[in-house]
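Enquirer: Let me begin by handing over the structure; questions about it come next.
The values are calculated or read from the model by the stated rules, or taken from the named source; none is laboratory data. Since this is a predicted model, take the numbers as computed values, not measurements. As a convention, Cβ positions derive from the backbone with ideal geometry for all residues, glycine included, and neighbour counts pool all protein chains shown. Side chains are part of the model used for accessible areas, which takes the heavy atoms of the whole protein and leaves out ligands, DNA and RNA. Shrake-Rupley method; radii C 1.70, N 1.55, O 1.52, S 1.80 Å.
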Amino acid sequence: MMTEWVRAISVFELWSVVGVVAVFLSQVVVAVRVIMSRRAVGETLAWIMLVLGLPVVGWVMYLLVGELRLGSARAKRIQRLSTVVATRLNQLDPHGHDIAWHQLRPECEQLARAGRSALQVPALPGNELELIDDWQKVFDGLVADIDVAKINCDFQFYIWHAAGRTSDIVAAIERACARGVTCRILVDSLGSWSFLHSQEVKRLRAAGAQVLEALPSRLWRLPFVRYDLRMHRKIVLIDDRLAWTGSLNMVDPRYFKREAGVGQWIDAMARVQGPAVEALAVTFQTDWQIESGSTSEQLPDLTGDQPLVRCGNSIVQVLPSGPAFSVEAIEQILITAIYMAREELVITSPYFVPSEALSMALASAARRGVRVIVIIPAQVDSLLVRHASRAFAGELLDAGVQMALFTGGLLHTKSVSIDRQTSLFGTLNMDPRSLRLNFEVTLAVYDPQFTVQLRQLQESYLRQSQWLDAQQWKQRPVISRFIENVAQLLSPLL
């Protein structure tokens with residue numbers, strides 16, 4: 001009896017040792033895989049810390065969300081369309097437009113070249129932009145534009161929330177379908193989950209609208225596709241002659257996320273007319289074909305032999321970004337824009353967790369005498385992001401960056417104004433997820449008139465904000481600083 005007991009213990013100890021060794025080897029293998037992926041140093045160290053510090057849990061998390069896995073079928077469709085898209089974008093500006101860069105600043109042309117080199121889209125003159133920060137006016141304008149559509153209405157959103165004034169949009173789409181207008185709706189699977197399973201989708205499909213789920217999230221797909229790669233673009237196209245883009249999802253702010261306790265979401269949109277609309281249309285069409293599984297290797301021709309008519313003075317460059325492109329591309333463009341600043345740089349972002357390179361660029365700008373202002377919400381709907389943002393605040397305040405906490409709700413507008421001359425406006429947040437994981441779209445606007453309007457909007461946000469004081473910031477409780485520093489260590493994984 002004693003012999004059998006000893007033998008059982010020996011077997012148990014043997015399997016325990018085998019288990020420990022297996023776990024250790026799996027950690028080493030995954031850690032080596034992280035190192036060989038050659039990502040940013042901070043991100044690499046954060047993943048290694050997680051993999052080695054949390055046995056099993058760490059490497060399981062890495063295998064689930066640590067690599068950019070688009071899925072083999074989607075990756076093949078992206079690859080198949082890449083040449084077609086590049087050719088189509090080049091046709092927008094085959095010989096180089098007669099842009100009078102000398103009337104702006106040399107840095108503007110350099111930024112435009114960087115954008116074209118990284119993302120293939122040229123800067124296009126002759127656009128008219130209208131900046132609208134009143135969400136009610138945005139809905140009024142969308143309904144009015146849909147009601148005069150003759151050919152197509154295309155919608156692309158991260159979140160479509162069936163409540164309040166979104167029902168006005170649904171009704172307008174139903175009227176458009178009844179007139180024979182082709183209506184297509186592309187929404188993110190995770191962000192619009194409730195909408196995709198709502199009665200409104202049934203109404204839209206019954207009316208003849210096509211509703212498509214982007215980046216489907218299914219548990220059985222986790223080993224093959226990274227579930228948190230999200231379609232974060234907001235684009236509306238009317239007859240491929242008029243477009244809307246910006247930060248507002250298809251939501252009524254009065255009803256959206258009221259339980260989060262962060263106040264009403266504050267957004268802005270741009271109504272675009274001119275050649276830049278075609279670049280936005282190419283972005284939507286590409287996403288639609290990829291998500292629909294289309295085998296076509298052509299994109300619809302919007303204009304035939306007649307290019308879109310120039311109707312304004314704004315030079316606009318559409319910058320679509322995401323994991324289908326070089327993951328560093330949009331961050332490099334953003335850093336280039338920051339180094340353009342000579343006098344003033346103002347940023348608004350709901351989620352502010354800059355990379356080391358971005359943080360260094362902002363600090364460098366402040367130290368060389370540029371007035372750098374960062375406006376972020378006092379309260380956001382992510383606790384981890386809130387703490388990580390505050391960890392970065394101390395370093396930037398020490399460098400001379402001015403930081404303001406917006407108290408009028410959750411400031412969701414994503415914008416950058418540079419010397420009241422050039423601006424970036426769209427869906428891009430200042431955090432690793434938006435810079436590397438999400439499919440985003442940003443307008444680079446080389447137009448002092450639009451930029452001054454945007455700067456005035458930013459100033460209105462400042463009037464509803466509280467400035468952070470560097471000395472008071474240093475005196476906050478030790479436990480708060482510890483939590484923020486831990487969140488900062490995890491920030492590359494956000």
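Enquirer: Below 8 Å, C-alpha to C-alpha, sequence gap of six or more: please give me the relative contact order for segment 130-287 in percent.
Expert: 30 percent
Enquirer: Here is a follow-up. Which order do ASP93, ASP147, ASP398 take when ranked by solvent-accessible area (1.4 Å probe, heavy atoms of all protein chains), largest first?
Expert: The residues order as ASP398, ASP147, ASP93, largest area first.
Enquirer: Something else about it: How high is the relative contact order of segment 398-464, in percent, counting Cα pairs under 8 Å that sit 6 or more residues apart?
Expert: Computed value for segment 398-464: 33 percent relative contact order.
Enquirer: First measure r as the distance between the Cβ atoms of VAL309 and VAL32, then evaluate 1/(1 + (r/R0)^6) with R0 = 51 Å and state the FRET efficiency to the nearest 0.05.
Expert: That gives a FRET efficiency of 0.35.
Enquirer: Could you sort 159-168, 244-253, 405-414 so that the peptide with the highest average Cβ count within 10 Å comes first and the rest follow in order?
Expert: Listed from highest to lowest mean packing, they are 244-253, 405-414, 159-168.
Enquirer: Just tell me which lysines come within less than 25 Å, Cα to Cα, of LYS150; anything on the same chain fewer than 8 places away is out.
Expert: Answer for LYS150, where 25 Å is the Cα cut-off: LYS137, LYS202, LYS234, listed by chain and number.
Enquirer: How many angstrom separate the Cα center of segment 159-191 from the Cα center of segment 390-469?
Expert: Using only Cα atoms, the two centres lie 30 Å from each other.
Enquirer: Once phi is turned into ³J(HN,Hα) by the Karplus curve 6.51 cos²θ - 1.76 cosθ + 1.60 with θ = phi - 60°, what whole-Hz value does each residue of segment 347-360 show in order, with x for glycine and proline?
Expert: Going residue by residue, I get 10, 10, 7, x, 10, 10, 9, x, 5, 4, 5, 5, 4, 5 Hz, with x marking Gly and Pro.
Enquirer: Taking 0.36 nm per residue of sequence separation and subtracting the Cα-Cα distance, how much length would be gained by fully extending the chain between ALA206 and ALA178, in nm to one decimal?
Expert: Here the answer is 9.0 nm.
Enquirer: At 7 Å along the Cα-to-beta-carbon direction for both GLN449 and ASP168, put a label point, then send me their distance in nm to one decimal.
Expert: For the pair GLN449/ASP168, the computed spacing is 2.7 nm.
Enquirer: Ranked from highest to lowest mean number of other Cβ atoms within 10 Å per residue, what is the order of the peptides 450-458, 77-85, 429-437?
Expert: Sorting 450-458, 77-85, 429-437 by mean packing, highest first, produces 429-437, 450-458, 77-85.
Enquirer: Convert 20 °C to kelvin, take the viscosity as 1.002 mPa s, use the Kirkwood radius over C-alpha pairs of segment 311-383 as Rh, and evaluate the Stokes-Einstein diffusion coefficient in µm²/s, rounded to a whole number.
Expert: The estimated diffusion coefficient comes to 151 µm²/s.
Enquirer: Short version: ³J(HN,Hα) in whole Hz for each residue of segment 170-175, in order, from phi by Karplus 6.51 cos²θ - 1.76 cosθ + 1.60 (θ = phi - 60°), x for Gly and Pro, what are they?
Expert: Result, ordered by residue: 4, 5, 5, 5, 4, 5 Hz.
Enquirer: Taking θ as phi - 60°, what are the ³J(HN,Hα) couplings along segment 84-92 by the Karplus curve (6.51, -1.76, 1.60), each to the nearest whole Hz, with x for Gly and Pro?
Expert: Taking θ as phi minus 60°, the curve returns 4, 5, 4, 5, 5, 5, 5, 5, 5 Hz for segment 84-92.
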